Amino acid sequence: MSEKDFKRPSSNLRRAAAVVGVGHTDWVGDWKRVRAGEKPTDSYGYGALALREALTDVGLTRADIDGLIVGPTTAYERMSEVLGINPRWGDQADAVLSVAQAVTAIEAGLAETIALVYGNDQRSAEIQYGGPQAMGGDAFLSYVYHSPWGLTSQGALYALTFRAYCHERGFDPLDLGQVAVAQRAWSSMNPNAVMRKRITLDDYREAKYICEPLRLYDYCMINDGGVALIVTTAERAQKLRKPPVYIEALGRRDLNRGATSLEPRLTDFYLSAQQDCARQAYDMAGFGPRDMDLFQVYDSFSVHVPLALEGYGYCDVGDAGRFLREDGIGPGGKLPTNTSGGHLSETYMQGWAHQIECVRQLRGECGERQVPDCRHAHYTSDVAGKAVSIIYSR
């Protein structure tokens, strides 16, 4: 599948904006400090530290920022005060939608240079993502609706999804270990990764079940940290310190019917949403999966990866197991995927750190794990009934 196979619709959003600065906190150091019983800072502090690094990366100051989007772990107004900036436009969004909103705001003339800031003290604050007090016991996430039946664990829900997926698509559960092994191979070459010790398929198979059929290595870590990106107009991006990384294309498709009962992920595995989202993004970019040099998948659980490989056209539906075994997603594989180590091994920044990895790979800044001649990077996020994609290009 090449560029000629995709029509390129008229879109003012294509390459209208670029990421020009990235920064993050000391994930490894803070992991050690928190494990030692310290609390380095709170969510706002982590966001502020990350923004300082991103501004240094691009060579701008807080005075240059006229837009702000913060992650859902912090309040937009309070973060503005903590950062000491007074944006004329702002919002709150998750990792992938923050990029999409920044592009549309820039194209609409609402802001010129937007900071995207995320901070989370989830480990030191002992945030629960399962149990009777999951996320405070409210309806922040759809799985909390299942609390009367005791099913509030995201791991349990993805175990159900994976069990159904294996039955429907003929996927061998042991092939899921290819994801964990590949991502740990990538993280072993990443000095910013919390988990750097390589694992083998035997290590994976011998690991204890957390919620069968998911094992220890199928789960993301929970750690503190912050991430920041600076997005500006394509014109201004060409005048700044680092090579711009353009937002080439966007796609989104929601499955709201049955979303709070989790039906889309349990029966369809997001496939229809992924395929529609892929068509949007590939049509806007004018190229498709065979032209991608890097694939980044939101991976709170390893299950996301085979679903995304099939849903976004990197292999045929029902062929993900063979693809993982024979083509490969690790170093030396056909499709470099989650090359920082992802949520499983680098850091759990809820999709935000994946954006940094796209940018650094396209800049050629990743050292030992650098993907040769990386030109196009595709990020996907499939959670809570929606599928969203970003294609980045240098």
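The values are calculated or read from the model by the stated rules, or taken from the named source; none is laboratory data. Bear in mind the structure is a predicted one, so any value in this text is a computation, not a measurement. We place every Cβ from the backbone using ideal geometry, glycine too, and count neighbours over all the protein chains shown. Just so you know, the surface numbers come from the protein's heavy atoms only, side chains and all, with ligands and any DNA or RNA stripped out. Shrake-Rupley method; radii C 1.70, N 1.55, O 1.52, S 1.80 Å.
Listing for the model above:
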item: Every residue from the range 65-88 that is more than 22 Å from residue 121 (Cβ to Cβ) and crowded, with 18+ Cβ neighbours inside 10 Å; result: 65, 66, 67, 87
item: Every pair of residues 6+ apart whose Cβ atoms lie under 8 Å, when the first sits in the range 306-335 and is on the phi > 0 side of the Ramachandran plot while the second is open to solvent by less than 40 Å² (accessible area, probe 1.4 Å) and of a type in the set (Asp, Glu); result: 318/310
item: Meets criteria (open to solvent by less than 20 Å² (accessible area, probe 1.4 Å) and either charged (D, E, K, R) or closer than 22 Å to residue 394 by Cα (or both)) for residue 353; result: yes
item: Where residue 92 falls short, out of the listed (1) touching a residue at least 24 places away in the same chain (Cβ under 8 Å); (2) within 22 Å of the chain's Cα centre (by Cα); result: (1)
item: Residues located in the range 360-385, provided they are of a type in the set (Val, Ile, Thr) and surrounded by 24 or more Cβ atoms within 10 Å (Cβ to Cβ); result: 380
item: Boolean, residue 102 is under 19 Å from residue 389 (Cα atoms) and either hydrophobic (A, V, I, L, M, F, W, C) or out of contact with any helix residue (DSSP H, G or I) (no Cβ under 9 Å at 6 or more places or on another chain) (or both); result: yes
item: Selected residue [within 22 Å of residue 28 (Cα to Cα) and of a type in the set (D, E, K, R)] from 369, 325; result: 369
